[in-house]
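Since the structure comes first, as structure tokens, the remarks are kept for the end.
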Protein chains: 2
Amino acid sequence: MTKKNAFYAQSGGVTSVINASACGVIETCRQHADRIGTVYAGRNGIIGALTEDLIDTSRESDADIAALRKTPSGAFGSCRFKLKSLDENRREYERLIEVFQAHDIGYFFYNGGGDSADTCYKVSQLSETMGFPVQAIHVPKTVDNDLPITDNCPGFGSVAKYIAVSALEASFDVASMAKTSTKVFILEVMGRHAGWIAAAGGLIADYDVPVVLLLPEVDFDHDRFIASVKHKVETHGYCTVVVSEGAHHPDGRFLAEQGTRDAFGHAQLGGAAPVVAGMVKDALGYKFHWAVADYLQRAARHIASATDVEQAYALGRAGVEMALDGKNAIMPTIDRVSSDPYEWRIGSADLADVANVEKAMPLDFISEDGFGITDACRDYLYPLIQGEAYPDYDQRGMPRYVVLKNEPVAKKLGPFEI
Amino acid sequence: MTKKNAFYAQSGGVTSVINASACGVIETCRQHADRIGTVYAGRNGIIGALTEDLIDTSRESDADIAALRKTPSGAFGSCRFKLKSLDENRREYERLIEVFQAHDIGYFFYNGGGDSADTCYKVSQLSETMGFPVQAIHVPKTVDNDLPITDNCPGFGSVAKYIAVSALEASFDVASMAKTSTKVFILEVMGRHAGWIAAAGGLIADYDVPVVLLLPEVDFDHDRFIASVKHKVETHGYCTVVVSEGAHHPDGRFLAEQGTRDAFGHAQLGGAAPVVAGMVKDALGYKFHWAVADYLQRAARHIASATDVEQAYALGRAGVEMALDGKNAIMPTIDRVSSDPYEWRIGSADLADVANVEKAMPLDFISEDGFGITDACRDYLYPLIQGEAYPDYDQRGMPRYVVLKNEPVAKKLGPFEI
């Protein structure tokens with residue numbers, strides 16, 4: 001087998017553990033230096049490949065690569081750039097393969113969600129027909145937890161832990177003062193299409209916290225919501241509301257929409273919490289507070305789930321091992337063996353079965369009234385937030401997060417307009 | 001010396017370490033059972049004393065009291081109820097002393113900020129004249145860090161750590177994707193009158209993060225702010241803005257005001273972040289995201305500063321020791337001996353000098369352009385966020401926070417209207 005270089009890119013919204021997958025990919029490649037040459041990374045994701053803006057990861061020390069395991073965000077940069085279909089924009093795929101060919105890249109590790117799985121799959125198909133076959137491996141990542149086949153997606157477990165812990169702490173705070181002060185606390189969390197993240201907030205019901213979830217899976221019903229909050233305040237003295245950014249009215253309108261759209265044409269959301277707070281105030285007159293966690297939740301490496309970090313790393317490593325095993329157009333997955341005690345192993349999925357398939361939250365994870373989660377959901381969620389994997393801190397009290405050198409690779413091709 | 005009971009109450013907004021002070025008070029009282037009888041706590045703060053709704057802390061196990069050190073919020077409940085001046089409402093003070101007398105309470109430990117220091121001081125004065133002298137000790141607590149004489153206030157260090165770490169993590173996230181996505185991230189933090197908490201966000205400049213602070217100490221100047229953000233985006237590719245809820249226009253109007261007021265007549269704030277985001281979008285067109293940390297920041301026991309936890313406990317303990325030493329109308333303080341290496345010791349302040357004095361952030365802590373902090377501020381802040389003092393977690397991955405039994409004490413007096 002000829003030695004080939006590898007290309008690694010991060011795609012879409014970054015997470016607190018996507019760098020742990022990068023660490024798994026790069027460390028495993030380094031352990032197989034006999035078969036894998038240099039690992040190049042795309043600066044700012046796939047755009048770096050299209051513009052031939054490659055990073056030479058061999059210039060990074062072993063210590064710095066190891067530190068990626070404990071550093072949130074995307075160390076090489078990421079982007080939401082979605083390649084169009086082969087019919088619409090074949091030249092972009094061809095360019096990718098030209099860049100791979102120019103740098104003798106035989107392994108493509110693409111670390112992302114559904115869109116990147118699709119790109120990854122198409123690259124594997126087209127490279128074959130172009131006579132420069134590239135083994136394309138998709139390493140899953142998304143806080144949205146919406147990839148099919150895999151039991152869960154790296155990034156999600158840590159957000160879930162952050163939301164469950166933060167909602168619990170804030171609820172304790174509210175409970176302390178509810179007699180004379182804030183009675184309703186509203187926390188807005190991510191989750192455009194699925195309520196996975198908000199569902200993690202539902203775990204605090206196990207601590208006797210009165211919590212109401214507003215999930216995208218359940219059409220918002222103003223009167224039923226207000227009645228539920230009122231009941232909880234009357235019985236517990238206060239109420240915590242965890243609202244997904246994707247919560248929407250029956251006609252599909254989000255509870256709050258900023259009116260701007262991102263590169264994928266998705267509406268840019270934010271501000272459901274103040275909207276819900278206003279409803280509570282108008283209908284019930286309770287004193288309220290609200291928080292919007294936004295990027296804090298997906299960047300919160302300081303409270304990452306140890307399970308999540310371990311799986312993110314393991315999937316990066318498994319991707320490389322599958323490539324070395326001759327696999328192509330594949331995605332390593334997390335297969336759950338049992339929930340209690342939690343056991344998991346690495347499996348795999350064909351990218352043909354992954355691309356453009358979005359896994360919804362099972363409806364039997366949602367309680368009958370639509371405002372909470374079921375035991376089935378609890379059994380699913382708890383293992384994913386198990387364990388703490390703290391970053392190291394310096395003497396000043398700040399986390400030691402690594403910033404890589406990210407040195408560029410000399411270009412061999414002409415420019416390319418995207 | 002006759003053995004007397006003690007009364008402990010939590011006042012004002014709770015923090016992630018006020019229970020550590022409670023732990024310090026109760027454990028130290030238990031260690032001096034020869035001189036201090038039962039420690040009663042006020043249910044929901046001072047209101048519990050006025051309504052004779054006392055909690056018998058002797059019913060709590062040593063293990064549960066020890067767990068307070070690692071549990072955020074106010075375990076006995078807190079309130080913002082401010083006693084009026086002696087002239088205006090002498091009957092409330094007299095009631096307090098009647099309740100103390102009825103339950104043979106000779107020690108009053110009041111754990112709070114400026115308002116509670118004032119109440120504490122008046123109780124000590126009036127109890128003397130009423131012939132039932134009570135030793136009134138104020139144990140400092142406030143995330144606002146605005147009590148005089150003490151170098152810092154318990155609760156602040158942990159919020160500062162939370163904000164510095166969270167802002168750093170979110171900034172790494174934004175940096176990852178700024179090339180094609182969000183360029184400006186806005187984080188709203190607490191701090192109605194002083195920029196202490198926002199200043200902690202300024203620490204991330206030490207990690208080469210381009211950060212702009214909007215402090216209450218500096219009148220908001222729209223054009224200068226926009227120019228600063230623009231410059232940072234042009235030179236660094238992105239910009240993080242940390243805006244204090246107390247940031248205001250030159251005429252005093254807050255950047256955002258919800259229009260409601262709390263029991264102290266303070267405007268209830270929230271929503272400066274979306275206002276600032278709108279300004280950035282309108283003036284510069286950059287893609288933005290914003291977060292409002294709200295209660296998450298002051299409840300975040302999971303990322304508490306070890307220094308803060310230790311000091312909160314030490315001040316509780318010192319309060320009891322001072323009482324046993326015969327002191328009255330006093331507040332134990334943190335005296336800084338040196339910043340590097342950080343050394344501190346317990347000092348004390350007369351409540352006459354504490355009540356109704358608000359410590360402002362020194363102006364030499366603010367950088368010349370008004371958007372950052374100086375080295376003097378860094379030297380002050382870093383020691384306060386030193387060390388991590390994690391809570392324990394259960395096997396499911398959630399923190400073990402204690403909920404006390406909070407059993408009531410039989411009433412001896414008639415009802416009281418407040």
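Here, each number is a calculation from the coordinates, and none is a lab measurement. Just so you know, these numbers come straight off a predicted model, no measurement behind them. Quick reminder, even Gly has a Cβ in these numbers, built from the backbone with ideal geometry, and neighbours come from all protein chains shown.
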Query raised in the report: Computed over the Cα atoms, what is the radius of gyration of segment A:352-412 divided by 2.2 N^0.38 Å, N being its residue count?
Result: 2.03
Query - Among B:Gln101, B:Gln135, B:Gln297: highest mean-square fluctuation, GNM of chain B, C-alpha pairs under 10 Å - result: B:Gln101
Requested in this report: Taking all pairs of distinct Cα atoms, average 1/r, flip it, and tell me the Kirkwood hydrodynamic radius of the protein assembly as shown in Å to one decimal place.
Outcome: 27.8 Å
Query raised in the report: So what's the net charge close to A:Ala198: Lys and Arg +1, Asp and Glu -1, counting the other residues with Cβ under 10 Å from its Cβ?
Result: -3
Report summary line: Rounded to the nearest 5, the percent of antiparallel DSSP beta bridges in chain A equals 35 percent
Query raised in the report: Gaussian network model of chain B, Cα springs within a sub-10 Å range: biggest mean-square fluctuation belongs to which of B:Asp206, B:Asp118, B:Asp353?
Result: B:Asp206
Query - Intensity falloff of segment B:40-182 expressed as log10 I(q)/I(0), Debye formula with alpha-carbon point scatterers, at q = 0.10, 0.21 Å⁻¹ - result: -0.46, -1.34
Report summary line: Yeah, segment A:273-357 with a ≥ b ≥ c from its alpha-carbon gyration tensor (a/c under 1.5 is rounded, else prolate when a/b outruns b/c, oblate otherwise) is prolate
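On alpha-carbon atoms, Rg over Rh for segment B:102-176 using Kirkwood Rh?
1.28
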Report summary line: Measuring from the longest principal axis of the C-alpha atoms of chain B, the long axis of helix B:306-324 (C-alpha) lies at a number of degrees, nearest 10, equal to 20 degrees
Query - Segment B:Asn406-B:Thr235, extension gain: residue separation times 0.36 nm, minus the distance between their alpha carbons - result: 56.0 nm
**Report entry** Summed side-chain charge close to A:Tyr93 - residues other than A:Tyr93 whose Cβ falls under 11 Å, Lys, Arg +1, Asp, Glu -1
**Finding:** 0
Query raised in the report: Angle, helix B:375-384 long axis vs. longest principal axis of chain B, Cα atoms, 0 to 90°, nearest 10?
Result: 50 degrees
Query raised in the report: Which shape class applies to segment A:156-301: rounded if a/c is under 1.5, otherwise prolate when a/b exceeds b/c and oblate if not, where a ≥ b ≥ c are the square roots of the Cα gyration tensor eigenvalues?
Result: oblate
**Report entry** Percent of beta bridges antiparallel (DSSP, the protein assembly as shown, rounded to nearest 5)
**Finding:** 35 percent
**Report entry** Partner lysines for B:Lys84 [C-alpha distance under 16 Å; skip if fewer than 8 residues away on the same chain]
**Finding:** B:Lys122
Query raised in the report: Tilt of helix B:18-31 relative to the longest C-alpha principal axis of chain B, in degrees (0 to 90, nearest 10)?
Result: 30 degrees
Query raised in the report: How many angstrom lie between the C-alpha centres of segment B:65-134 and segment B:314-347?
Result: 20 Å
Query - 10 Å Cβ shell holding at most 15 others, DSSP loop, GluC sites (Glu not before Pro): longest site-free stretch of chain B - result: B:89-357
Report summary line: Of all DSSP beta bridges with both partners in segment A:156-301, the antiparallel percent, nearest 5, is 15 percent
**Report entry** Relative contact order for chain A, counting Cα pairs under 8 Å that sit 6 or more residues apart, in percent
**Finding:** 23 percent
Query - Separation of alpha-carbon centers, segment B:186-201 and segment B:1-54, rounded to whole Å - result: 31 Å
Query - Prolate/oblate/rounded call for chain B, Cα gyration tensor, a/c under 1.5 rounded - result: prolate
Report summary line: Taking segment B:156-300, the lysine pairs whose C-alpha atoms sit under 22 Å apart (8 or more places apart or on different chains) add up to 12
Report summary line: Shielding of B:40-46 by other chains, given as the mean Cβ count within 10 Å, works out to 2
**Report entry** Fluctuation leader among B:His231, B:His103, B:His138 - chain B, Gaussian network, Cα springs under 10 angstrom
**Finding:** B:His231
Requested in this report: Would you please name the trypsin sites (Lys or Arg not before Pro) within segment A:78-181 that are DSSP coil residues with at most 14 other C-beta atoms within 10 Å of their C-beta?
Outcome: A:Lys84
